[in-house]
Structure formats: C-alpha cells, structure tokens
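Notes follow once the structure below has been shown.
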Amino acid sequence: MKIAIFGTWYVGLVTGTCLAEVWHDVVCVDIDQQKIDDLKKWIIPIFEPGLEELVKKNYANGRLKFSTDAKQSIEFWDAIFSAVGTPPDKNHRADLRFVKQVATTFSQHTKSYKIFINKSTVPVGTWAECIKIISENLDSSLFDIVSNPEFLREWTAVKDFMVPDRIVCGLNSDKAKKVMEQIYAPFTRNYCPLIFSDIASAEIAKYAANAFLATKLSFINEIANFSEKSWGNIWDIVKIIWSDKRIWNKFLHAGIGYGWSCFPKDVAALIETGKDFDYDFEIIKATELINKKQKTRVVEKLQKHIPDLNWKKITLWGLSYKPKTDDTRDAPSIDVIKKLLDLWVSEIACHDPEAMKHMKKMFSTEKKVKFYDNSYDATQDSDALLILTEWDEFRWADIEKIKNNLAQNIVIDGRNIWNKTDMLESWFVYEAIWY
C-alpha cells in the first residue's frame, strides 16, 4: 500500500521505516525542512538501535521517502498516519494541536476515500474532535477515522514494531477494517493478534497499559522502601512474587522510579482526563506521587553518610531515563540534579554515553553542573558516586579505579547493578535500592 506518515520523531520514523521494511511504499512527512534534508542524508534525529540501518536500506531501495509536501503525500497515498507528538501542556493534559493540524491538512487535500489513522497517544474523545475538524471540509463518505495506538519502547522500538505483542485498531467501519488488515497483513501472517475495538476503547487502552506498568513500578518501589526498614531483601521478595504466573516478572525491578515521556505524561494525562468525566483515579494518583518521591531516594541515602552536602563534589553516572537511549524526558537524573543544587554542592560531575547533549541544554546556566566525556574522570576527587542509569559500561566498570579516584568511597547504586558483598569487600560504603 501507499502510506503517508506525518511526524518523523520516535513513533513516526520507526512506524514508517518498519512499514517500508515489509514492502509498503511509505513517505514520512514533516514541516521541518532541515530534518527532512538530514533524513535524506541518513542523519537520524534519534538514537535507536537498528533504526539507522533500516532507514538506509529502505531509502536506498525506494520504498521509504521523506518529504515536506503534505498536499502530494495525502492526494497520492492511500492511508494517512498521524504520528506527531502530544506533549503535556502546562496543566498536564495532552497537547493536541499537532494532531489537529494534521487532521486539518488531511481535510484540505483529500479528494477520494482515505483513512485517517491516529498513531499518536491521545485522550479518549480525540477521535470525535478529529471527525469534527475533517468534516468541515470533507464529506463523511470520503474518510474514516482509526485509532491505532503505538506500544513501542525506546531502545527496542524496531523490534517492538516488527514483532509486536498485539496490534490494536479502534474503528467503526468495515471499509476501514479491510484497509487495516491489508496494512498489517505481513504481521498477522506471523500470528500477531490484530485486535479490533471501538475507537474510544483503543484510545483508552494505550493510557491504561502505561498507567498499569507505571503502577507496577511504583508498587515494587514502595515494597522495596518498606523492606529496607523491616530487614527484608526486595530481590528475594521479587523472585517470590514473580514466580506467581498471574503476575510475572516484567516491571518489578526496584529502582529510582520511572522517567521517559510516556509513563509520566500518560499517567498525568489520564488523571486530568478523569476530571472531564468527574472521575478520580485514586490508585493512579498514588502511583504518580510515589514515583515523584522515589526519584530523589538516592539523595536521601547519600545524606545518611554525608548529612551536610554543602561544598561537596558528587558524581552522577547516567542521565537518560534508561540505557541505550539519549532520551532524558522526565528522567530521575533531572530531579537528582535539582535536589543536589538545592543542597549547595560545589560540583555535580555528570557522565552519560549518549544523553549529555540534552542535559547540557537543560542546565546550560548552572556552572556547578559539569559534564565529562570519560566516566572515570568524573569520579576524580568526588565525595560520592550516584548511579542513575544501568548502562553496560557502568556494570563492568573498574572498581579499583573508582576507589582510587573517589575522595570518599561512597557509592549509591540507584539501579542495583553491582553486588553488595563484592562492594563491601572492596571497602566501599555501598547502598542500593533493594537492600
């Protein structure tokens, strides 16, 4: 099929590239001319393993194109995906202006029947707003709306798209259903479930999935904090819990809380959407509050050993919200840096393999926040090392080198990557989240 994807960030670029990989003819559309020019030169705007190779391959064979021409991309393509961002506004609601812009553009340039497929994460009822916008310029017989939420994880986004757990399509038209079956035929041939629902249910399902996963993370962090006070070991507790087939082991890793764009913004947006329907999400509000507190748990642990952090140098290893991505949106490292600045440390020495460029922009005016290209250089004469992201290079770091560099042998492991016994035998003051 001929498919146009509006938006060339995580969701749009991964979706377009992977659909081209299964032999659809795809054009990725963006209003940013520089971004389109860069993509034609294979300059990828995001760090996502495996994506660059697929972009090069499918652009070279002609199945993947990049354009700023919205009119042509709509007129001559069969299905139009909206994969633009829905960032939180000042009230924590999803900002739908980009989705609405795509809907308006779709309505202005559609001349024959097409489907408008919303891939962006949007609150329930967005489909009705899009229908209203499109209907201002277009007869209802010329279009159908489909909600097709994405369930991609950064770092494994390509794999998640190519080998999905399920594909969800919310629609109310047999004609649109046939188009979606055709688009996703290469995946259903490999027995991937293609789940059809009404549009509202599909819109709710994305938020529900993220809120549930976020709740699991906040739940296990709360149990970890309790077990620390009551002489339990959260690792043993987790093994006992996940042996229950009803629960399983995913998202039961204690740590310093979740970051990323999706969990924080989707949890907050779901809470705000509840207000529109006079519904109070009590459990999900508690999830959000627990996560907010968990992000600075490493600083609380540090203050047990250095109560007064005034004029101390503290090293942070890891700035991205998880390894193998450069994404720092709502990363715990942001809260940790702000907390340490409030406590008047002399220097916050930061290192991350990929995410420093984003954090440099965020803290460009803070002279105390410094960035080091080498992880060991960041530990030189530091009073403590805080591990905030579980990059592999940190897992296999030279412990003796770290000990020789630190002014005080204090390590607060917010991601539980090292063995407590080994660290204590090496004469470190060592604390993790789960003991």
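Fewest to most neighbouring Cβ within 10 Å: what's the order for R246, R297?
Ranked by crowding around the Cβ, least crowded first: R246, R297.
In percent, how large is the relative contact order of the range 295-432, given Cα pairs closer than 8 Å and 6 or more residues apart?
Taking the mean separation of contacting Cα pairs over the length of the range 295-432, I get 25 percent.
Rank these for me by crowding, R166, R329, going from fewest to most other beta carbons within 10 Å.
The order, fewest Cβ neighbours first, is R166, R329.
If I require 24 Å or longer along the helix axis, counting alpha carbons, and a Kyte-Doolittle average no lower than 0.0, what helices from the chain are left? Use full DSSP H segments.
Both cut-offs are met by 199-229.
Among the DSSP beta bridges whose two residues both lie in the range 99-213, what percent are antiparallel, rounded to the nearest 5?
10 percent
Within 10 Å of each residue's Cβ, count the other Cβ atoms and sort T8, T86, T105 from fewest upward.
The order, fewest Cβ neighbours first, is T105, T86, T8.
Among DSSP beta bridges lying fully in the chain, give the percent that are antiparallel, nearest 5.
Roughly 5 percent of the beta bridges in the chain run antiparallel, per DSSP.
For the chain, what does the relative contact order come out to in percent, with C-alpha contacts under 8 Å and a separation of six or more?
Averaging sequence separation for qualifying contacts and normalising by length gives 11 percent for the chain.
Could you tell me whether the range 2-197 comes out rounded, prolate or oblate from its Cα gyration tensor? Rule is a ≥ b ≥ c as square roots of the eigenvalues, rounded for a/c under 1.5, then prolate if a/b exceeds b/c, otherwise oblate.
rounded
No value in this document is a laboratory result; all are computed from the given coordinates. The model shown is predicted, which means the values in this text are computed figures rather than measured ones. Every residue, glycine as well, gets a Cβ built from its backbone with ideal geometry; the counts of neighbours run over all protein chains shown.
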